[in-house]
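Asks: Below: one structure in structure tokens.
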Amino acid sequence: MKTTLRFLLFVCFVAAVQFCFAQARSPREVRPDVSNKALITKTAPPITGESKAPAADSAALHKLADDYYNWRNENYPVASSEAGLHTWDNRLTDYSAAKIAERAQHVRKLLDQVRATKIEKWTKDDRIDWLLFRAQLEEVDFGERVLKLEQTNPLTYVNECSSAIFSLLKKEYDTPRNRALSAAARFKAMPGLFAEAEKNLQKPVRLYAQLAIQSARNIDPLFKESTAPLAKDLSEAERADFEKSRDGALAAIHGFADRLEKKLPRMVDFAPMGEANYNYYLKHVLLLPLNAVQVEMLGRAELARYRALEALLPDPSMADPNPERAKSVPPDQEAFLKAYESREAEMIDFLKSHQLITLPDYLGKFEIRQLPEAFKPTSPGGFMNPPGVYDKDPVGFFFIPTYNPKSKNFYLRAAIEDPRPILGHEGIPGHFMQLSIANHLPNEIRRQNQNGVFVEGWALYGEEMLMRTGLYPEGSAAQGQILRLSRYRAARIGVDVNLHTGKWTFEQAVNYFMEAGGLDREAAEGEAAGAATQPTQKIWYITGKWQIMNLLGKYYDKMGANFRLGQFHDDLVKNGSLPVSIIEWILLDDPSAIEAVLK
């Protein structure tokens, strides 16, 4: 999640999985389709008092949603594997032009059906489910109608192959032999996938192609060393077939990268979606009551605040992580991972002793693992891999960069000096805990909804909440990290909005991350690449945190003497990963935020 959870540069793939299997992201400039003008301007009916919807209407909506999730899972088998559903582990997504068009038509038809539903007399809960399901479909339709990922972004195909194998490795959900056979089947399908990619990529973007080339050329260890343990129980003939298929897949991926490299001079550098489309996405997909101009202003205000708070530290240099200040520096990678993971226990004890949130009994283990080389270009700080929505295994992972005590990478320096701020964001009470709770919702539409603004907003809110409730001493390195992390998350907003509305170049984005965000160049380039490959993702953190803080103030005023911070946190996260505009309606019975969205 944090430079989560969902391209082969794994942050982008994780987001694709976690956000409804459908983050169709590409930078192609597209003006709103005039043929869809009625669809673009149509809003939900105004919110009125409670009425009682016929049970059949609500049941029909949920049946429609269930059918859609089943269809989606089968049509995106790699994403299904990643989410813990292993029914189609031996398949890749079909990227033939006919199948892409068929999927787009299916979603458009379903979206039209949902938009046309008469919900004026439905209950609040049923209206919420309708809004959430519509937003899920809007996201997929936006990708096909506006972004056209398959035509512009070569990462789509490299990611598919990388994640196809990674999703079989990360958990021991089946025997090594069965997983090896699934891997072999996917290896065999990869040359055909890249043949389709060559046909589809009519307007590839240079930035995305460069990232795809980097990823493709770093994929060998994932396919070779990482899969070797799976093949130990194969027969001699099966092993030979496995290795032949794997080598064929690698040849296809490297050939794809070589051909992309030759075409780079003819590709456009970067093509933004434009402000109108950006605003459409904020409103119809994220259900956010802000437009691009307002979001960018929020980013500038928060950036100014956190830069100033850094300056007000007794020693402002504490905001820039320095391993030399650490009490001890781990001697090697293994010691580094153990030291990182060991700090989780003290954070859990703090949460419990201060009654800041209720930890459910079903929470699994949260592990720290090394970041695969192939995933570094847009994930310089690593990424979170929470339990999938279909996972039976509750374990989650945070992947961190290869240990190097001399590294200039911000995230590595921070992890050596004090890993708790990032650990709290990724683990408990952050993504791992919050998404684990969301996975247990009984309402399937809400369980499937993973609004990025809430997910990242909650994790970022948790960083500062732990600081202000006393976990980190005043003037400490951890406190300095909190301020720097919020500072560069605020800088992310300016990068995201200005890149995708066409006001900035990629180099301007990198420079802004260094100057305004306080990042080193390596981290800044990775952050900018992540912003470019996943429109709006970088606004989620500060925007979501701001919404949650706003909600906290209203909740406090409503509860008065009965207010308890831990109860607010429990009430907040028990609803899953819903837009804050919806949660405010649920918790306070205040529809003003969602009404602003629906205008």
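Asks: Give the residue, chosen from LEU211, LEU230, LEU207, LEU222, that is surrounded by 19 or more Cβ atoms within 10 Å (Cβ to Cβ), more than 27 Å from ALA529 (Cβ to Cβ) and at pLDDT below 95.
Replies: Sole residue among the options that is surrounded by 19 or more Cβ atoms within 10 Å (Cβ to Cβ), more than 27 Å from ALA529 (Cβ to Cβ) and at pLDDT below 95: LEU230.
Asks: Find the helices (runs of 4 or more DSSP H) located wholly in the range 345-441 whose residues include 3 or more that are at pLDDT below 95, and list them.
Replies: Answer list for the range 345-441: 410-417, 420-426.
Asks: Show me the helices (runs of 4 or more DSSP H) entirely contained within the range 70-154 in which 2 or more residues are modelled with pLDDT of 95 or more and of a type in the set (S, T, N, Q).
Replies: In the range 70-154, the matching helices (runs of 4 or more DSSP H) lie at 77-82, 97-115, 149-152.
Asks: So, of the residues in the range 302-321 that are assigned to a helix (DSSP H, G or I) and of a type in the set (A, V, I, L, M, F, W, C), which turns out to be nearest to the chain's Cα centre (by Cα)?
Replies: Step by step, filter the range 302-321, then rank; the result is LEU303.
Asks: Another question, then. Find all pairs meeting these conditions: Cβ atoms under 7 angstrom apart; at least six residues apart or on different chains; first residue within the range 463-476 and assigned to a loop (DSSP other than H, G, I, E, B); second residue acidic (Asp, Glu).
Replies: Sorted first by the residue in the range 463-476, then by its partner, the pairs are GLY475/ASP315.
Asks: Filter the range 442-462 for residues that are at pLDDT 95 or above and not in a helix (DSSP H, G or I) and give the result.
Replies: Once the filter is applied, which keeps residues that are at pLDDT 95 or above and not in a helix (DSSP H, G or I), the range 442-462 yields PRO442, ASN443, ASN449, ASN451.
Asks: So which residues in the range 246-258 are charged (D, E, K, R) and exposed (fewer than 15 other Cβ atoms within 10 Å of the Cβ), if there are any at all?
Replies: Matches in the range 246-258: ASP247, ASP258.
Asks: Sticking with this one: What number of residues in the range 554-597 are more than 28 Å from the chain's Cα centre (by Cα), within 24 Å of ILE428 (Cα to Cα) and among the charged types (D, E, K, R)?
Replies: 1
Asks: Can you name the residue in the range 71-93 that is surrounded by fewer than 23 Cβ atoms within 10 Å (Cβ to Cβ) and among the charged types (D, E, K, R) and, of all such residues, is nearest to ARG186 (Cα to Cα)?
Replies: The residue in question is ARG91.
Asks: Let me ask you something else. Out of the residues in the range 328-344 that are of a type in the set (D, E, K, R) and outside any loop (DSSP other than H, G, I, E, B), state the one that is farthest from GLY462 (Cα to Cα).
Replies: Of everything passing the filter in the range 328-344, GLU334 is farthest from GLY462 (Cα to Cα).
Asks: Return the pair list, or none, for Cβ contacts closer than 8 Å from residues in the range 565-589 that are among the hydroxyl-bearing types (Ser, Thr, Tyr) to residues that are in a loop (DSSP other than H, G, I, E, B), at least 6 apart or on different chains.
Replies: Listed pairs, sorted by first residue: SER577/ASN449; SER577/ASN451; SER581/LEU287; SER581/LEU288; SER581/PRO289.
Asks: Of the numbered conditions (1) out of contact with any Leu (no Cβ under 7 Å at 6 or more places or on another chain); (2) surrounded by fewer than 24 Cβ atoms within 10 Å (Cβ to Cβ); (3) within 30 Å of HIS62 (Cα to Cα), GLN136 fails exactly one; give the number of that condition.
Replies: All conditions are met except number (2).
Asks: What pairs come up if the first residue lies in the range 490-514 and is surrounded by fewer than 21 Cβ atoms within 10 Å (Cβ to Cβ), the second is part of a loop (DSSP other than H, G, I, E, B), and their beta carbons are under 7 Å apart, counting only those six or more places apart or on different chains?
Replies: That search, which allows pairs on different chains as well, returns ASN498/TRP504; THR501/PRO272; THR501/GLY274; GLY502/PRO272; GLY502/GLY274; PHE506/PHE270.
The values are calculated or read from the model by the stated rules, or taken from the named source; none is laboratory data. This is a predicted model, so every value here is computed, not measured. Methodologically, a virtual Cβ is constructed for each residue, glycine included, from the backbone with ideal geometry; neighbour enumeration extends over all protein chains shown.
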